[in-house]
């Protein structure tokens, strides 16, 4: 368990896995655009780490400019149920937070 968590935890790592799971294989530039706020350096570091862990593949085609595509390997796709569960939890929390904000906004006695 410790090894798995070390491989998938850390800033941006789970997000990279989620985007590749949701969208399928992507070229580096498109993957970066799907992740606002991540730098090229950090994305490259995360992809290399996930590739070394056997979760992500890197396909290089020597075109001009070079075409580099990343996607999930079978081991990475095994995380699909965990990623789906995290998505459901994120939606549930966002919905609950939205309800709380609306309730506070409609209650005149609540401080802002």
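Kindly indicate whether residue 32 is under 15 Å from the mean Cα position of the chain (by Cα), surrounded by 16 or more Cβ atoms within 10 Å (Cβ to Cβ) and in a helix (DSSP H, G or I). Yes; evaluated as a whole, the condition is true for this residue.
From the list 84, 100, the lone residue that is at pLDDT below 95, part of a helix (DSSP H, G or I) and in contact with a helix residue (DSSP H, G or I) (Cβ under 9 Å, 6 or more places away or on another chain) is 84. A residue that is at pLDDT 90 or above, within 21 Å of residue 4 (Cβ to Cβ) and assigned to a helix (DSSP H, G or I) occurs somewhere in the stretch 51-61. Please determine, by comparing only the residues of the stretch 62-73 that are touching a strand residue (DSSP E or B) at 6+ places or on another chain (Cβ under 9 Å) and in a loop (DSSP other than H, G, I, E, B), which one is surrounded by the fewest Cβ atoms within 10 Å (Cβ to Cβ). Ranking the qualifying residues of the stretch 62-73, first place goes to 66.
Exactly one residue out of 54, 76 is surrounded by 12 or more Cβ atoms within 10 Å (Cβ to Cβ), touching a helix residue (DSSP H, G or I) at 6+ places or on another chain (Cβ under 8 Å) and on the phi > 0 side of the Ramachandran plot, and it is 54.
The values are calculated or read from the model by the stated rules, or taken from the named source; none is laboratory data. If you're wondering where the values come from, they're calculated on a predicted model, not measured in any experiment. Cβ sites come from the backbone with ideal geometry, for glycine too, and all protein chains shown count toward neighbours.
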